[in-house]
């Protein structure tokens, strides 16, 4: 028997290998997502064993909640700031550290990757000291250069906290994108560069005529991964600012956490409604990205 | 084909086994000869471990002890309750009477099975319906005595004892003097503004001390926008504008603020009495040189800070099979030996303050306890007069920005007009309570705004709830 061009026993083998992952994915990802959507329809004080059916009133309340909208704004503003930063800076380092002219490449790659393997909570705690307005090295250096006034609190100002957190996040996660870029760059055959050099192409021409076109597919994946990472910022922000000052860094994940666990009376239904809306927005972005990618491929 | 089927079955069994693990583990823990104990009092660890060792030697029952930070403790308890995996005994990292009453109504706890006649007379007399007693049965014991979070700690090397401030104006002048004499190296005040619930408690207690509790007991109305509240916020704004508050206060939690204060970066810090024990235990004795005094007020004179009657500390979970064992350990904590040990670690003040004379404690700890004894009273508490008001408190959503957020918003440059923000908060709180009352009334409970009105309350006197 042939199914989709494959023999029956081949299909069974495929099913076998997919089964454990499908089961685990269903139990750990799909089921919690469905349960979250169901919980969002309940008025559920965290101290209660179960909630009472509340319909869509949690959603209606969310649409009147200024802090929720502030958290959406902070989340997407954060994404808009950090995605280009991480994407471009890591590409720059990738090109540099992939070049045979660069000495101590392994050392620098390790150095740039170190923050990735350091927990966000530790980085948050250290960065509070580094950006301390009274004794932090960043303020001392920028103060001496005349860029900052004495006592300026970059993480404590409503106007600068989100951007400062963005710079720290970019530094922490840049190593991850760097690995992706280096792997992508190493997949380009060296013969193409040799041929370009023989044709008299400059370094910039080699980048724009050889590297960039061949990186396009990888770039799309790295971009999607970076966007996805930037929307899920949590532990770093929790220790760095805990959403403050005055909700300026309260990203949607922090909002959900605060509502579900640290509010005076935890509100599980309300937090679930916020999580559901965020998941829907995330899905829309993913579908939008996929459509753009497909239309470009077709073009 | 057979091979494929066998492999599929094996995969399903593997996954099934992985999930079966959780439930069997929970069941075995409940049936075992082990008492599980979760708590958040870090300073009590050594004492409690000793207590548990003695308990195990006497009864043969092991105690599985887990220490969490207060915020992690809340998360663990909420998840534990919903998954029926609460420990046998747990501490509550908050003492909000209405939340505890809600938990009682939802079946979190079970009675300890202790009779009041088994307890020392002073402990038995301190038990209160709605706090440690529910329907006449004892659910917890108060191992601590009443205290507040708004003591003013200072470094004697920076502020002379005879120059300690009492009023807002004196406090401002003292902070300014410290800052100027140190050429801007030492700030006047450090604050844990990221610890919102604590700073909100500080603000409420400072309003008690000012004679303007945030609830006007004569009318039952909120007064978060009273003249005294606005004066306090104006003082804080002035201190901030003149650079007298540590600039990192905007981001600090309590631990960070305490570390930087102990390191001498600021002269004053507002905290509870446990600051004595934590600072003495964790910092260099030279750095931990400090004193404690009364909270600041708008004017000189007597004052009072109000609290509900003392609540319980440890509770036995309704799901526990070890209620008598848990109760005997909790009971052990009100005995003199444990109370002396409690005083020795200088955390929360012991329920029996007479043990201070037998304990080895810092003079600042004794002074803090004396301040509490002289200046604290029981507040009129709606949930104690009409337990259904706890349903209103639970139904009330958190109104944001809270007073702490408003102040931090000013520090961060997001809020310019503090008075308007306080007016707005007061109005929103009133609206929120009215909505919650309507909701609870619709569920059939007899509650009204009048439940918050206490005509017989006299400021300066403790209220007999």
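The values are calculated or read from the model by the stated rules, or taken from the named source; none is laboratory data. All figures in this text were calculated on a predicted structure; none of them were measured in a lab. Cβ sites come from the backbone with ideal geometry, for glycine too, and all protein chains shown count toward neighbours.
Side notes on the structure shown:
- Given (1) touching a helix residue (DSSP H, G or I) at 6+ places or on another chain (Cβ under 8 Å); (2) within 13 Å of another protein chain (Cβ to nearest Cβ), number of the condition residue B:432 does not satisfy: (1)
- Some residue of segment B:259-273 being part of a helix (DSSP H, G or I) and either under 21 Å from residue B:403 (Cβ atoms) or not assigned by TED's automatic domain parsing to the domain that holds residue B:297 (or both): no
Residue by residue, here is whether (1) surrounded by 20 or more Cβ atoms within 10 Å (Cβ to Cβ); (2) farther than 23 Å from residue B:376 by Cβ holds:
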| position | (1), (2) |
| --- | --- |
| B:181 | no, yes |
| B:184 | no, yes |
| B:194 | yes, yes |
| B:198 | yes, no |
| B:205 | yes, no |
| B:213 | yes, no |
| B:216 | no, no |
| B:231 | no, no |
| B:250 | yes, yes |
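- In summary, residue B:216 fulfils each of the numbered conditions (1) more than 14 Å from chain A (Cβ to nearest Cβ); (2) free of Cβ contacts under 8 Å to residues at least 60 places away in the same chain; (3) out of contact with any strand residue (DSSP E or B) (no Cβ under 8 Å at 6 or more places or on another chain) with the single exception of condition (3).
- In segment B:82-195, counting only helices (runs of 4 or more DSSP H) that sit wholly within it, the ones holding 2 or more residues that are closer than 29 Å to residue B:363 by Cβ span B:121-126, B:168-181.
- Count of segment B:236-248 residues which are in a helix (DSSP H, G or I) and at pLDDT 95 or above: 6
- Residues (surrounded by fewer than 21 Cβ atoms within 10 Å (Cβ to Cβ), on the phi < 0 side of the Ramachandran plot, touching a helix residue (DSSP H, G or I) at 6+ places or on another chain (Cβ under 9 Å) and within 14 Å of another protein chain (Cβ to nearest Cβ)) located in segment A:138-153: A:138, A:148, A:149, A:150, A:152
- Unique match (being under 19 Å from residue B:41 (Cβ atoms) and more than 14 Å from chain A (Cβ to nearest Cβ)) among B:142, B:111: B:142
- Only one of A:38, A:60 that is more than 25 Å from residue A:234 (Cβ to Cβ), modelled with pLDDT of 95 or more and surrounded by fewer than 18 Cβ atoms within 10 Å (Cβ to Cβ): A:60
- Residues in segment B:398-429 that are within 13 Å of another protein chain (Cβ to nearest Cβ) and in contact with a strand residue (DSSP E or B) (Cβ under 7 Å, 6 or more places away or on another chain): B:429 alone.
- Each residue in segment B:129-143 was checked for being in contact with a strand residue (DSSP E or B) (Cβ under 9 Å, 6 or more places away or on another chain) and surrounded by fewer than 21 Cβ atoms within 10 Å (Cβ to Cβ), and 3 pass.
- Residue list for segment B:46-81, filter: touching a strand residue (DSSP E or B) at 6+ places or on another chain (Cβ under 6 Å), surrounded by fewer than 18 Cβ atoms within 10 Å (Cβ to Cβ) and assigned to a helix (DSSP H, G or I): B:56
- Here residue A:243 meets the list (1) closer than 22 Å to residue A:30 by Cα; (2) surrounded by 24 or more Cβ atoms within 10 Å (Cβ to Cβ) almost entirely, failing just condition (1).
- One residue alone among A:60, A:27 is without any contact (Cβ under 8 Å) to a residue 12 or more places away in the chain and either at the interface with chain B (Cβ under 10 Å from one of its Cβ atoms) or touching a helix residue (DSSP H, G or I) at 6+ places or on another chain (Cβ under 6 Å) (or both), and that residue is A:27.
- Segment A:106-128 - residue that is more than 30 Å from residue A:243 (Cβ to Cβ) and surrounded by 13 or more Cβ atoms within 10 Å (Cβ to Cβ) and, of those, nearest to the chain's Cα centre (by Cα): A:109
- Residue count for segment B:315-342 under the criterion of being under 18 Å from the mean Cα position of the chain (by Cα) and modelled with pLDDT of 95 or more: the result is 1.
- The condition (being within 14 Å of chain B (Cβ to nearest Cβ), buried (at least 16 other Cβ atoms within 10 Å of the Cβ) and modelled with pLDDT of 90 or more) is satisfied by just one residue among A:231, A:238: A:238.
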